[in-house]
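Enquirer: The structure is given below, and queries will be raised subsequently.
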Amino acid sequence: MTRSGQSARVCAAAAVIGLLAAPLAQAQDYPNKPVKLLVAFAPGGPADSIARIVGQKLNDRWKQSVVVENRGGAGGNIAAAQASKADPDGYTVLVTTSAFAVNQTLSKTPGYAADDFKAAAVVATTPNLIIGAPSLKAKNLKEAIEAAKTEKMTYGTAGAGTTPHLSAERIFKLEGKVDIPHAPYTGAGPATQAVIGSHIPLASVALSAAVQNVKAGQVKGLAVTSKERVKALPDVPTARELGLGDADDTTWVVLFVPAKTPDAVIQKINADVNAMLKDADTQAQLEKIGFMPVGGSVNDAQGYVQSETSRWGDIIRRIGLEPR
């Protein structure tokens with residue numbers, strides 16, 4: 001072989017090694033600049049609450065700015081579509097809820113595909129909560145459903161396709177045999193504020209979004225969708241207790257990154273989120289707003305999202321909701 005041929009081979013081998021080493025070097029250096037948490041819903045909701053806790057804890061751990069940016073709308077699809085087009089380097093992290101799983105069945109054109117992302121970590125879960133306006137005469141959800149059979153009512157949510165939306169549809173239509181019109185908002189915060197102001201009589205939101213409002217007497221806690229009553233609101237009955245089905249519906253918050261993000265970066269995010277969730281202060285902050293920490297491996301996160309996508313797809317078909 002000529003010297004020029006040997007030189008070409010050496011150069012080619014070096015190039016391959018360089019390509020293989022680049023992601024590893026990138027991961028070892030991660031993060032070396034500010035990280036953006038792109039939140040799929042408006043301020044005041046579960047995704048936003050979790051993003052701010054995660055952001056502060058990772059900021060302290062990474063010694064880098066972690067910036068929370070809210071991009072609500074379309075049941076979380078607007079932010080997800082934006083995040084799917086971000087550079088796959090770990091510097092744009094989508095913070096969204098179980099709406100991500102729901103939208104795989106419910107949205108005709110979500111603006112992204114499920115395989116555009118990898119789940120980096122499941123942060124926490126919370127039951128769904130149906131609340132009533134102060135002016136509502138009903139004391140619990142069973143009474144509200146009975147009233148809705150003769151009175152004109154609407155209910156708000158953080159958006160079509162969120163699990164509180166589907167929980168409410170299942171309970172109202174399948175269990176209560178009543179059709180209450182849905183009024184989607186850009187987030188659980190705005191929906192809760194609408195109930196506080198008696199602009200709408202009902203809302204179905206993640207418990208974390210309205211737990212403090214129930215405690216303060218600003219809204220009525222009508223029912224939670226968990227198997228058992230929650231410690232944060234011991235006086236609020238479960239939908240099961242009221243004879244409204246036996247489902248255990250939750251809203252979860254997961255961190256996603258673009259699918260081509262280096263595995264080592266994803267593992268870094270996962271490991272640091274898991275370490276954060278073991279911190280007593282983090283656990284106390286989550287408990288205060290009605291969330292339970294989850295954590296687990298990257299494979300656990302991927303499997304969980306896939307199973308939830310299948311489960312909520314089945315619920316959508318049972319309710320009879322058409323893709324929008």
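Enquirer: Mind checking the stretch 26-106 for trypsin sites (Lys or Arg not before Pro) that DSSP puts in a loop (not H, G, I, E or B) and that have at most 14 other Cβ atoms within 10 Å?
Expert: Of the trypsin sites (Lys or Arg not before Pro), the ones in loops of the stretch 26-106 whose Cβ has at most 14 other Cβ atoms within 10 Å are LYS63, LYS85.
Enquirer: With bins 10 Å wide starting at 0, give me the P(r) of the stretch 50-180 over every alpha carbon pair, in whole percents.
Expert: 10, 33, 28, 19, 9, 1
Enquirer: Have a look at the stretch 185-243 and give its Rg and Dmax from the Cα atoms, expressed in angstrom.
Expert: Rg and Dmax of the stretch 185-243, Cα atoms, are 11.3, 31 Å.
Enquirer: Which order do GLU151, GLU241 fall in if you start with the one that has the fewest other Cβ atoms within 10 Å?
Expert: The order, fewest Cβ neighbours first, is GLU151, GLU241.
Enquirer: Quick check on the stretch 127-224: what are the equivalent-ellipsoid semi-axes from the Cα gyration tensor, as sqrt(5λ), descending, whole Å?
Expert: Values for the stretch 127-224, descending: 17, 15, 12 Å.
Enquirer: Would you kindly calculate the translational diffusion coefficient of the chain, applying Stokes-Einstein with the Kirkwood radius from alpha carbon pairs, for 10 °C and a viscosity of 1.306 mPa s, and quote it in µm² s⁻¹ without decimals? Intermediate values should be presented prior to the final figure.
Expert: Details: Rh = 20.6 Å.
Estimated via Stokes-Einstein, D reaches 77 µm²/s.
Enquirer: Against the globular-protein guess of 2.2 N^0.38 Å, express the Cα radius of gyration of the stretch 165-324 as a ratio, rounded to two decimals.
Expert: In units of the 2.2 N^0.38 Å rule of thumb, it is 1.17.
Enquirer: Taking one equal scatterer on every alpha-carbon of the stretch 114-176, how large is log10 of I(q)/I(0) by Debye at q = 0.13, 0.20, 0.25, 0.27 1/Å?
Expert: -0.48, -0.88, -1.24, -1.36
Enquirer: Determine, for LEU321, LEU166, the number of other Cβ atoms within 10 Å of each Cβ, and report the residues in order from fewest to most.
Expert: LEU321, LEU166
Bear in mind that the values in this text are calculations on the coordinates, not laboratory data. Please read these numbers as outputs of a predicted model, since none were measured by experiment. With ideal geometry, Cβ positions are generated from the backbone for all residues, glycine too; neighbour counts draw on all protein chains shown.
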